[in-house]
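Please treat every number below as a calculation from the coordinates, not as lab data. These figures come from a predicted structure and were not determined experimentally. Here the Cβ positions follow ideal geometry from the backbone for every residue, glycine too, while neighbour counts run over all protein chains shown.
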């Protein structure tokens, strides 16, 4: 893809993480209801001891008035998982400003394309701080000057295909490094938080190069879990999500109170926060 079509496609992937998926045949999915997001996650994880990768629908300026998955994860899920978790890897990196015009070009272009609200950066900082308070070692990605240079095309634009590929690779590398670090026997989990594009356990061929899921699943000998987090108020606004196989099963139980968990398979699930718990940012 080139030009405007490519930019539009990449922007959609950065926001959603999944293209429209076919309504694959199979047994009907079950939408389970839980009192809290933490309870849903605990039921899904069971006795897992490896890597749990959470994917979100990235916030944009258009949806800034809706309390984000990131804020809800920080407040409602992370504290419950803390007693079992040693490390948290977050899909972000610090722009140090020492890579010159190339860094400014890339970071500025990405900011415009993804339309992330300014509050997102504050929420990421709060997540990292909260993890540390809970005894979980927080980690961010390390992007050097050479990496920035590889992201600039010959015409001066940003290669978003390369950006997504690089992000997935950096996340995978950070996970491998965390798995190699000491972990207390009672806190074996490595948590990952980022977009719902890179954590796919079974990515489509089109998106496979962006996902660390299969490689980490193999590395942990199947002790890998994928959980995508969605805020109901945003789901209906994306055709790609309405095309997902789980969507009609969620809609059928949407009016019932509680957090919804839908297992796509044994180690992959979708969590939809309580529709009645909508709220603006605090």
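Extending 7 Å from the Cα toward the beta-carbon at both residue 161 and residue 236 defines two label points whose distance is 3.7 nm.
In this calculation the C-beta distance from residue 251 to residue 144 is compared with R0 = 41 Å, giving a FRET efficiency of 0.35.
Between residue 32 and residue 209, how high is the FRET efficiency from 1/(1 + (r/R0)^6) when r is the Cβ-Cβ distance and R₀ = 30 Å? Nearest 0.05. Could the numbers behind the result be given before it?
On the way: r = 33 Å, r/R0 = 1.09.
Efficiency, from the Cβ-Cβ distance: 0.40.
Report, as a whole number in µm² per second, the diffusion coefficient that Stokes-Einstein gives for segment 132-282 at 37 °C and 0.692 mPa s using the Kirkwood radius over alpha carbon pairs. The estimated diffusion coefficient comes to 184 µm²/s.
Between residue 221 and residue 61, what FRET efficiency comes out of the Förster formula 1/(1 + (r/R0)^6) with R0 = 45 Å and r the beta carbon distance, rounded to 0.05? Working from the Cβ atoms, E equals 0.60. Across segment 128-152, the residues whose backbone nitrogen lies under 15 Å from the label position 7 Å along the beta-carbon direction of residue 102 are 143-152.
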